[in-house]
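Read the structure below first, then the notes.
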(Lines give C-alpha, C1' and ligand atoms only; values in the text may rest on other atoms or scores of the structure.)
Protein backbone atom coordinates (compact mmCIF):
# COMPACT_ATOMS: atom_id res chain seq x y z
CA UNK A 1 0.00 0.00 0.00
CA UNK A 2 2.79 2.40 0.91
CA UNK A 3 5.39 1.02 -1.51
CA UNK A 4 5.32 4.17 -3.61
CA UNK A 5 6.06 6.25 -0.51
CA UNK A 6 9.03 4.08 0.43
CA UNK A 7 10.32 4.15 -3.14
CA UNK A 8 10.11 7.95 -3.18
CA UNK A 9 12.06 8.26 0.05
CA UNK A 10 14.73 5.93 -1.23
CA UNK A 11 15.14 7.91 -4.43
CA UNK A 12 15.68 11.08 -2.41
CA UNK A 13 18.26 9.42 -0.16
CA UNK A 14 20.13 7.86 -3.06
CA UNK A 15 20.16 11.14 -4.96
CA UNK A 16 22.52 12.41 -2.27
CA UNK A 17 26.22 11.41 -2.44
CA UNK A 18 27.51 8.94 0.09
CA UNK A 19 28.63 11.21 2.97
CA UNK A 20 32.38 11.67 3.34
CA UNK A 21 32.18 10.94 7.07
CA UNK A 22 30.43 7.65 6.34
CA UNK A 23 33.07 6.75 3.76
CA UNK A 24 35.82 7.41 6.30
CA UNK A 25 34.09 5.21 8.90
CA UNK A 26 33.57 2.44 6.36
CA UNK A 27 37.19 2.40 5.22
CA UNK A 28 38.54 2.70 8.75
CA UNK A 29 36.50 -0.06 10.37
CA UNK A 30 35.24 -2.51 7.73
CA UNK A 31 38.01 -4.43 6.01
CA UNK A 32 35.66 -5.75 3.32
CA UNK A 33 35.69 -2.23 1.86
CA UNK A 34 39.37 -2.34 0.94
CA UNK A 35 39.31 -4.33 -2.32
CA UNK A 36 35.65 -4.60 -3.30
CA UNK A 37 35.08 -4.11 -7.06
CA UNK A 38 33.77 -0.68 -8.01
CA UNK A 39 30.31 -1.73 -9.21
CA UNK A 40 29.67 -3.93 -6.18
CA UNK A 41 31.01 -1.23 -3.86
CA UNK A 42 28.56 1.31 -5.32
CA UNK A 43 25.65 -1.09 -4.79
CA UNK A 44 26.83 -1.73 -1.24
CA UNK A 45 26.90 1.96 -0.37
CA UNK A 46 23.39 2.38 -1.69
CA UNK A 47 22.20 -0.47 0.53
CA UNK A 48 23.96 1.14 3.49
CA UNK A 49 22.29 4.50 2.82
CA UNK A 50 18.84 2.93 2.66
CA UNK A 51 19.32 0.79 5.75
CA UNK A 52 20.69 3.64 7.86
CA UNK A 53 17.72 5.86 6.98
CA UNK A 54 14.92 3.28 7.07
CA UNK A 55 15.89 1.71 10.37
CA UNK A 56 15.02 2.94 13.84
CA UNK A 57 18.18 3.03 15.98
CA UNK A 58 18.26 2.99 19.75
CA UNK A 59 21.20 2.96 22.15
CA UNK A 60 20.83 0.95 25.35
CA UNK A 61 22.45 1.53 28.74
CA UNK A 62 23.48 5.09 27.86
CA UNK A 63 25.16 4.20 24.58
CA UNK A 64 24.96 7.04 22.05
CA UNK A 65 24.30 5.69 18.56
CA UNK A 66 26.49 7.82 16.32
CA UNK A 67 26.63 7.85 12.52
CA UNK A 68 29.79 5.72 12.82
CA UNK A 69 27.87 3.05 14.73
CA UNK A 70 25.00 3.12 12.23
CA UNK A 71 27.28 2.91 9.20
CA UNK A 72 29.43 0.05 10.49
CA UNK A 73 26.46 -2.08 11.56
CA UNK A 74 24.61 -1.30 8.34
CA UNK A 75 27.68 -2.18 6.28
CA UNK A 76 28.00 -5.63 7.79
CA UNK A 77 24.25 -6.26 7.66
CA UNK A 78 23.95 -5.36 3.99
CA UNK A 79 26.93 -7.51 3.00
CA UNK A 80 24.57 -10.45 3.32
CA UNK A 81 22.26 -9.21 0.55
CA UNK A 82 24.77 -7.82 -1.95
CA UNK A 83 24.26 -10.84 -4.16
CA UNK A 84 20.51 -10.31 -4.40
CA UNK A 85 18.93 -7.98 -6.92
CA UNK A 86 16.08 -7.05 -4.63
CA UNK A 87 16.35 -5.70 -1.10
CA UNK A 88 15.93 -8.29 1.64
CA UNK A 89 16.27 -6.38 4.91
CA UNK A 90 13.04 -4.34 4.99
CA UNK A 91 11.69 -6.72 7.60
CA UNK A 92 14.20 -5.35 10.10
CA UNK A 93 12.74 -2.13 11.44
CA UNK A 94 14.62 -1.62 14.71
CA UNK A 95 18.24 -2.06 15.77
CA UNK A 96 19.06 -1.84 19.47
CA UNK A 97 22.73 -1.39 20.34
CA UNK A 98 24.21 -2.30 23.71
CA UNK A 99 27.70 -1.05 24.62
CA UNK A 100 28.82 -4.38 26.15
CA UNK A 101 27.33 -7.88 26.66
CA UNK A 102 24.04 -7.86 28.50
CA UNK A 103 21.94 -10.31 30.47
CA UNK A 104 18.55 -11.41 29.22
CA UNK A 105 15.59 -13.23 30.72
CA UNK A 106 14.39 -16.75 30.08
CA UNK A 107 10.80 -15.53 30.52
CA UNK A 108 9.97 -18.48 32.73
CA UNK A 109 8.15 -16.19 35.11
CA UNK A 110 4.49 -16.15 34.04
CA UNK A 111 2.49 -13.23 32.76
CA UNK A 112 1.34 -12.50 36.31
CA UNK A 113 4.94 -11.95 37.37
CA UNK A 114 6.76 -13.24 40.42
CA UNK A 115 4.71 -15.20 42.94
CA UNK A 116 5.56 -13.38 46.15
CA UNK A 117 3.40 -15.75 48.23
CA UNK A 118 6.21 -18.28 48.14
CA UNK A 119 9.33 -17.90 50.19
CA UNK A 120 11.54 -18.61 47.18
CA UNK A 121 10.51 -15.51 45.23
CA UNK A 122 14.11 -14.26 45.17
CA UNK A 123 15.19 -17.58 43.67
CA UNK A 124 12.55 -17.16 40.97
CA UNK A 125 14.31 -14.00 39.84
CA UNK A 126 17.76 -15.57 39.96
CA UNK A 127 16.64 -18.60 37.97
CA UNK A 128 15.14 -16.36 35.30
CA UNK A 129 18.44 -14.63 34.42
CA UNK A 130 20.19 -15.91 31.33
CA UNK A 131 23.85 -15.88 30.44
CA UNK A 132 25.33 -12.83 28.80
CA UNK A 133 24.14 -12.04 25.29
CA UNK A 134 26.18 -10.67 22.40
CA UNK A 135 23.11 -10.13 20.23
CA UNK A 136 19.64 -11.37 19.34
CA UNK A 137 17.29 -11.37 16.37
CA UNK A 138 13.56 -11.08 17.01
CA UNK A 139 12.31 -11.60 13.49
CA UNK A 140 8.56 -11.40 14.17
CA UNK A 141 9.03 -8.01 15.81
CA UNK A 142 11.53 -6.81 13.22
CA UNK A 143 14.17 -6.14 15.88
CA UNK A 144 17.87 -7.01 15.95
CA UNK A 145 20.01 -6.43 19.05
CA UNK A 146 23.76 -5.91 18.70
CA UNK A 147 26.55 -5.51 21.27
CA UNK A 148 28.84 -2.80 19.94
CA UNK A 149 31.97 -3.99 21.77
CA UNK A 150 31.72 -7.30 19.84
CA UNK A 151 31.49 -5.72 16.38
CA UNK A 152 34.80 -5.94 14.45
CA UNK A 153 36.19 -2.42 14.16
CA UNK A 154 39.56 -0.71 14.31
CA UNK A 155 39.11 -0.47 18.09
CA UNK A 156 37.47 -3.82 18.86
CA UNK A 157 39.57 -6.99 18.92
CA UNK A 158 37.31 -10.00 18.33
CA UNK A 159 38.15 -13.67 17.60
CA UNK A 160 39.13 -14.22 13.95
CA UNK A 161 36.25 -15.09 11.68
CA UNK A 162 33.55 -13.89 14.08
CA UNK A 163 31.12 -11.04 13.52
CA UNK A 164 28.05 -10.56 15.69
CA UNK A 165 26.29 -8.38 13.08
CA UNK A 166 26.68 -11.00 10.37
CA UNK A 167 25.51 -13.66 12.81
CA UNK A 168 22.32 -11.95 13.94
CA UNK A 169 21.33 -10.77 10.49
CA UNK A 170 22.02 -14.27 9.18
CA UNK A 171 19.15 -15.35 11.44
CA UNK A 172 16.94 -12.88 9.59
CA UNK A 173 18.07 -14.14 6.20
CA UNK A 174 17.67 -17.76 7.33
CA UNK A 175 14.01 -17.04 7.99
CA UNK A 176 13.53 -15.23 4.69
CA UNK A 177 15.19 -18.05 2.73
CA UNK A 178 13.25 -20.81 4.50
CA UNK A 179 11.22 -21.47 1.37
CA UNK A 180 14.32 -21.59 -0.85
CA UNK A 181 16.35 -24.11 1.17
CA UNK A 182 14.19 -27.23 0.54
CA UNK A 183 13.78 -26.64 -3.19
CA UNK A 184 17.33 -25.59 -4.06
CA UNK A 185 19.76 -27.93 -5.78
CA UNK A 186 23.54 -27.79 -5.94
CA UNK A 187 25.46 -27.55 -9.20
CA UNK A 188 25.73 -31.35 -9.21
CA UNK A 189 21.95 -31.69 -8.91
CA UNK A 190 21.73 -32.90 -5.32
CA UNK A 191 19.58 -31.31 -2.66
CA UNK A 192 21.17 -28.13 -1.31
CA UNK A 193 19.55 -28.70 2.06
CA UNK A 194 20.71 -32.32 2.18
CA UNK A 195 24.29 -31.29 1.42
CA UNK A 196 24.10 -28.57 4.05
CA UNK A 197 22.78 -31.01 6.65
CA UNK A 198 25.69 -33.32 5.87
CA UNK A 199 28.08 -30.47 6.61
CA UNK A 200 26.24 -29.76 9.86
CA UNK A 201 26.50 -33.43 10.83
CA UNK A 202 30.24 -33.28 10.24
CA UNK A 203 30.47 -30.21 12.49
CA UNK A 204 28.55 -31.99 15.27
CA UNK A 205 30.79 -35.07 15.07
CA UNK A 206 33.92 -32.94 15.24
CA UNK A 207 32.56 -31.09 18.28
CA UNK A 208 31.58 -34.34 20.02
CA UNK A 209 35.12 -35.62 19.56
CA UNK A 210 36.58 -32.43 20.95
CA UNK A 211 38.33 -31.58 17.71
CA UNK A 212 38.89 -27.99 16.72
CA UNK A 213 37.44 -26.92 13.41
CA UNK A 214 37.30 -23.78 11.31
CA UNK A 215 34.02 -22.80 12.98
CA UNK A 216 33.29 -22.05 16.62
CA UNK A 217 31.84 -24.95 18.63
CA UNK A 218 28.55 -23.02 18.89
CA UNK A 219 27.96 -24.02 15.28
CA UNK A 220 27.02 -27.49 16.54
CA UNK A 221 24.05 -26.15 18.55
CA UNK A 222 21.53 -26.45 15.70
CA UNK A 223 21.38 -26.30 11.90
CA UNK A 224 20.29 -22.64 12.10
CA UNK A 225 23.19 -21.68 14.36
CA UNK A 226 25.49 -23.62 12.06
CA UNK A 227 24.24 -21.48 9.17
CA UNK A 228 24.82 -18.27 11.12
CA UNK A 229 28.29 -19.17 12.39
CA UNK A 230 29.30 -20.38 8.93
CA UNK A 231 28.02 -17.10 7.48
CA UNK A 232 30.38 -15.18 9.76
CA UNK A 233 33.34 -17.20 8.50
CA UNK A 234 32.21 -17.02 4.86
CA UNK A 235 32.38 -13.23 4.85
CA UNK A 236 35.26 -12.78 7.32
CA UNK A 237 37.63 -15.60 6.24
CA UNK A 238 36.41 -16.76 2.83
CA UNK A 239 39.76 -18.01 1.54
CA UNK A 240 40.30 -20.07 4.69
CA UNK A 241 36.83 -21.59 4.39
CA UNK A 242 37.32 -22.31 0.70
CA UNK A 243 40.55 -24.13 1.55
CA UNK A 244 39.46 -26.04 4.65
CA UNK A 245 35.72 -26.55 4.03
CA UNK A 246 35.29 -26.36 0.24
CA UNK A 247 31.85 -28.00 0.16
CA UNK A 248 30.43 -25.66 2.78
CA UNK A 249 31.99 -22.71 0.97
CA UNK A 250 30.33 -23.69 -2.31
CA UNK A 251 26.96 -24.09 -0.60
CA UNK A 252 27.14 -20.62 0.97
CA UNK A 253 28.43 -19.10 -2.24
CA UNK A 254 25.33 -20.45 -3.99
CA UNK A 255 23.07 -19.26 -1.16
CA UNK A 256 24.44 -15.71 -0.97
CA UNK A 257 25.03 -15.49 -4.74
CA UNK A 258 28.38 -13.86 -4.18
CA UNK A 259 32.05 -14.86 -3.83
CA UNK A 260 33.91 -12.79 -1.23
CA UNK A 261 37.25 -14.40 -2.17
CA UNK A 262 37.19 -12.07 -5.17
CA UNK A 263 37.72 -9.09 -2.85
CA UNK A 264 38.95 -10.52 0.45
CA UNK A 265 42.52 -11.75 0.86
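The values are calculated or read from the model by the stated rules, or taken from the named source; none is laboratory data. Bear in mind that the values here come from a model prediction, so they are computed numbers and not experimental data. Every residue, glycine among them, receives a Cβ derived from its backbone with ideal geometry; neighbour counts consider all protein chains shown.
Checking 230, 220 one by one, the residue that is under 20 Å from residue 176 (Cα atoms) and touching a helix residue (DSSP H, G or I) at 6+ places or on another chain (Cβ under 7 Å) is 230 and no other.
Residue 53 passes every criterion in (1) over 21 Å from the mean Cα position of the chain (by Cα); (2) at pLDDT 90 or above apart from (1). Within segment 237-252, does at least one residue satisfy the condition of being closer than 16 Å to residue 152 by Cβ and in contact (Cβ under 8 Å) with a residue 40 or more places away in the chain? Scanning segment 237-252, I find at least one residue that is closer than 16 Å to residue 152 by Cβ and in contact (Cβ under 8 Å) with a residue 40 or more places away in the chain, so the answer is yes. Residue-level check: of (1) free of Cβ contacts under 8 Å to residues at least 12 places away in the same chain; (2) closer than 27 Å to residue 264 by Cα; (3) assigned by TED's automatic domain parsing to the domain that holds residue 102, residue 140 misses just (2). For segment 156-201, the tally of residues that are assigned to a loop (DSSP other than H, G, I, E, B) and either under 23 Å from residue 88 (Cβ atoms) or in contact (Cβ under 8 Å) with a residue 40 or more places away in the chain (or both) stands at 15.
Here's the yes/no breakdown for (1) over 17 Å from residue 156 (Cβ atoms); (2) modelled with pLDDT of 95 or more; (3) within 20 Å of the chain's Cα centre (by Cα):
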{"site": "16", "(1), (2), (3)": "yes, no, no"}
{"site": "39", "(1), (2), (3)": "yes, no, no"}
{"site": "43", "(1), (2), (3)": "yes, no, yes"}
{"site": "67", "(1), (2), (3)": "yes, yes, yes"}
{"site": "77", "(1), (2), (3)": "no, yes, yes"}
{"site": "84", "(1), (2), (3)": "yes, no, yes"}
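Taking segment 41-98 as the range and being more than 26 Å from residue 263 (Cβ to Cβ) and without any contact (Cβ under 8 Å) to a residue 24 or more places away in the chain as the test, the residues that pass are 64, 66.
Taken over segment 194-220, the criterion of being within 26 Å of residue 142 (Cα to Cα) and surrounded by fewer than 17 Cβ atoms within 10 Å (Cβ to Cβ) is satisfied by 218 alone. One residue stands out among those in segment 120-155 that are part of a loop (DSSP other than H, G, I, E, B) and over 18 Å from the mean Cα position of the chain (by Cα): the one that is modelled with the lowest pLDDT, which is 128.
With respect to the conditions (1) modelled with pLDDT under 95; (2) surrounded by 15 or more Cβ atoms within 10 Å (Cβ to Cβ); (3) within 17 Å of residue 224 (Cβ to Cβ), residue 175 lacks only one, and its number is (2).
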